[in-house]
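Everything on this sheet refers to the single structure shown next.
What follows is calculated from the coordinates using simple rules that are stated; it is not laboratory data. From a predicted model like this one, the values you see are computed outputs, not experimental measurements. FYI the Cβ positions are ideal-geometry reconstructions off the backbone, even for glycines, and counts take in every protein chain you see.
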Amino acid sequence: MNRTLTILAVGAFALASLAAPAQAAPDMSLTRLDCGTPQAPTPVNQRFSDTYAYGDLKLQFVFSCYLIKHGDDYMLWDTGHAMTAPNVAPKVSLVDQLAKVGVKPEQIKYVGISHYHADHTGQVDSFPNATVLIGKGDWDAIMSPKPATGVNFKPFEHWIKGEGKVEPLAIDKDVFEDGTVIVLRTPGHTPGHSSLLVKLPQMGAVVLSGDAMHFHENFDAFGVPWFNFDRAQTVASMERIKKLAANLKATVIIQHDARDVEKLPAFPASAK
């Protein structure tokens with residue numbers, strides 16, 4: 001009798017499992033947004049290599065932000081230059097670019113900030129309802145009574161006052177708790193610098209570098225800008241990204257390198 005009941009129970013469980021609908025994968029996309037006006041090609045030898053590795057090399061820098069769609073939720077990665085920034089201000093604001101793809105500022109659930117520099121934080125105050133995700137070291141610098149030179153704290157006043165939600169991250173964060181969007185701890189450029197891993201259903205894994213490196217030559221040869229917060233952490237973070245890219249067969253997008261812009265479809269199209 002007990003054996004019969006056991007068989008019936010196992011059978012019922014199996015049938016229930018078959019009847020339960022599988023959880024559908026979220027509809028995901030990644031869109032590049034233009035977040036600054038490029039200037040003339042920049043000599044990189046002195047500022048971007050503390051060993052002066054690049055000779056007369058000049059490179060075109062660009063300013064990029066990204067919109068991640070995850071089901072019904074949206075996340076922004078970096079917010080670019082402010083519209084008032086001299087010479088490098090974006091031609092179109094983030095809010096206006098989002099409107100072109102049917103997204104309102106209040107729909108942005110998270111704003112991920114790679115680091116506290118002005119070319120990555122300038123328009124964060126356009127999204128007061130969003131939860132800010134930022135490395136703890138950078139948030140501590142923003143919250144300092146006397147923020148250091150280069151710490152662009154002013155756009156964060158809403159969150160500094162406690163009027164908005166912020167999550168200072170000491171470790172990686174699985175944003176949507178399903179492994180598809182992960183803020184990666186990659187310190188070195190700044191104390192709390194982060195990068196972003198996005199796993200798309202068609203394109204596969206993509207790593208948005210923040211300023212873990214600024215251009216391909218930096219990444220290839222572990223070049224360290226003289227103004228970085230910590231040299232050893234910078235090198236370790238680049239090593240981590242290289243290994244992640246190899247293991248996941250990921251596309252690495254160096255956010256300031258103009259040669260990486262075409263790795264994603266041109267706005268308003270998205271990678272899927």
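In a reduced charge model with +1 at each Lys and Arg Cβ and -1 at each Asp and Glu Cβ, region 26-263 shows a dipole moment near 140 debye about its Cα centre.
Rounded if a/c is under 1.5, else prolate if a/b beats b/c, else oblate: with a ≥ b ≥ c from the C-alpha gyration tensor eigenvalues square-rooted, which is region 154-207? Prolate shape, in that a/c is at least 1.5 and a/b is the bigger ratio.
Here Trp226, Trp159 are placed in order of increasing Cβ neighbour count within 10 Å, fewest first, which gives Trp226, Trp159. Inverting the pair-averaged 1/r between distinct Cα atoms of region 26-263 gives 17.8 Å as its Kirkwood hydrodynamic radius. Relative to the longest principal Cα axis of the chain, at what angle does helix 231-248 sit, 0 to 90 degrees, rounded to 10? Tilt of helix 231-248: around 40 degrees. On the beta carbon distance between Ile160 and Gln107, with R0 = 22 Å, the FRET formula returns roughly 0.40. Look at the alpha carbon pairs under 8 Å that are at least 6 residues apart: their mean separation over the length of region 102-170 gives a relative contact order of 36 percent. For a straight C-alpha distance cut-off of 13 angstrom, the aspartates and glutamates reachable from Lys69 (same-chain residues fewer than eight places away being disregarded) are Asp27. Placing unit charges on each Cβ (+1 for Lys and Arg, -1 for Asp and Glu) gives the chain a dipole about its Cα centre, and among Ala269, Phe153, Gly188 the Cα reaching farthest toward its positive end belongs to Ala269. Principal-axis analysis of the Cα atoms of the chain puts helix 2-19 at an angle of about 40° to the longest axis. Straight-line cross-link reach from Lys136 at under 18 Å between alpha-carbon atoms covers these lysines, not counting any fewer than eight positions away in the same chain: Lys146, Lys154, Lys161, Lys165, Lys173. In order along region 211-226, the Karplus-derived 3J(HN,Hα) couplings, from 6.51 cos²θ - 1.76 cosθ + 1.60 at θ = phi - 60°, round to 10, 4, 8, 9, 6, 4, 5, 4, 5, 5, 10, 6, x, 10, x, 5 Hz, and Gly and Pro are given as x. Each label point was placed 7 Å from the Cα along the Cα-to-Cβ direction; for Ala258 and Thr51 their separation is 2.8 nm. Partner aspartates and glutamates whose Cα lies under 18 Å from the Cα of Lys242, excluding those fewer than 8 positions away in the same chain, are identified as Asp172, Asp211, Glu217, Asp220, Asp257, Asp260.
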